[in-house]
Amino acid sequence: MSTIGTKEIIVEVKELSFEKDQLVADLLRFLAEQLPQIDITRNGNELEVKMPAKISKRALRLRLRKFLYQKGLYDQYRPISFKKVDIDGYTIKKKKAVELSYY
């Protein structure tokens, strides 16, 4: 893939890999099948996604949410967007749950 007209998005999967490392491998395979025009590499707890500039960042988010739903993790995890000075991407975080005890 040429560097002209491409963008790089980082997906942090640290909390998802704590659950099961196999889920990260499944996510790699799922994204490669759903978006064949992207290049994905894994560096520890981060996925580097290189995609054409014409594909929106939101399309990647949709695929992340779809993966979580298909694996039954939609109630536990969610993709959150972040943007730093030179890094743009998503992190998959565990949803905060409020537990109320009734007397």
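Please treat every number below as a calculation from the coordinates, not as lab data. Not measured: the values here are computed from a predicted model.
General remarks:
- When you restrict to C-alpha pairs under 8 Å that are six or more residues apart and normalise by the size of the stretch 6-94, the relative contact order lands at 38 percent.
- Part-to-part distance (alpha-carbon centres) for the stretch 19-54 and the stretch 84-103, which is given in Å: 21 Å
- Cα-based helix-to-principal-axis angle, 57-70 vs the chain, degrees rounded to 10: 40 degrees
- Entry for Cα Rg over 2.2 N^0.38 Å (calculated from the structure that is shown) out of (i) 1.16; (ii) 1.26; (iii) 1.64: (i)
- Partners of Lys20 within straight-line reach, counting lysines whose Cα lies under 28 Å from its Cα and excluding those fewer than 8 residues away in the same chain: Lys50, Lys57, Lys66, Lys71, Lys83, Lys84, Lys93, Lys94, Lys95, Lys96.
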